[in-house]
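Below you'll find the structure, written out as structure tokens, and then a few comments.
Any read-out appearing in this document is the output of simple, stated calculations on the displayed coordinates, not a laboratory observation. What you see is a predicted model; the values in this text were computed from it and never measured.
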Amino acid sequence: MFAVRARIGEIPEVARRKTAPNRVLAIDYGRKRIGLALSDELRMTAQPLAVLVRRNRQSDIRRLRQTCRDRGVAQIVVGHPLHLSGEGNIMAEETARFAARLQKELGIPVELQDERLTSWEAEQMAAPTSHSHRQRQPIDAVAAALVLREYLDRKRSGPAAGKRV
């Protein structure tokens, strides 16, 4: 048996220590908006988090850095928009450059995750509730949550989850 010594009114050192970051942040990258989704600490669930309206590169990186700090992010997954054939395109190249920049700037491991049809699936999920363009913003976060769900499922299934940046 051991005792933790602390003065009255103090929080013992053991209780004050925060757990190591373990969440996964998923990003649905776009030229106008960035959809965000976050896993739980056990990496079992994916929840839409927010939609960032793009300002400029520095501001976007700064806001993502703050989100990672605030939410205990240890891994980032960026949706990689490939054609149905699996081939890349201009947006896929831009997304890969963004992912590489994120890893360099934030120092957090970043992986690309195939996101074919996730935006379409997110819109299909939202379609029964509203056809208004004002409802568009949350779809970016839902698309990020779908990317994250696929990533987490693959991680649980086997080693080939995504493409390292």
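Phi-derived couplings, Karplus 6.51 cos²θ - 1.76 cosθ + 1.60 at θ = phi - 60°, listed residue by residue for region 43-60: 6, 9, 10, 10, 10, x, 10, 6, 10, 9, 7, 5, 10, 8, 4, 4, 5, 4 Hz, with x used for Gly and Pro. Estimated at 0.36 nm per residue, the fully extended path between ASP40 and GLU94 surpasses their Cα-Cα distance by 16.6 nm.
Once you treat every alpha carbon in region 19-107 as an equal point and sum by Debye, what is log10 I(q)/I(0) at q = 0.13, 0.14, 0.15, 0.21 Å⁻¹? So the normalised log intensities work out to -0.43, -0.49, -0.57, -1.05.
Taking amide H as placed 1.01 Å from N in the peptide plane, HIS80 has its amide H under 5 Å from the amide H of GLN113, ASP114, GLU115, each at least 5 places away in sequence or on another chain.
Between ARG33 and ARG54, the built amide H atoms are under 5 Å apart, and every one of these is 5 or more places off in sequence or on another chain. In a fully extended conformation the segment linking ARG57 and GLU105 would gain 16.2 nm over its present Cα-Cα distance, using 0.36 nm per residue.
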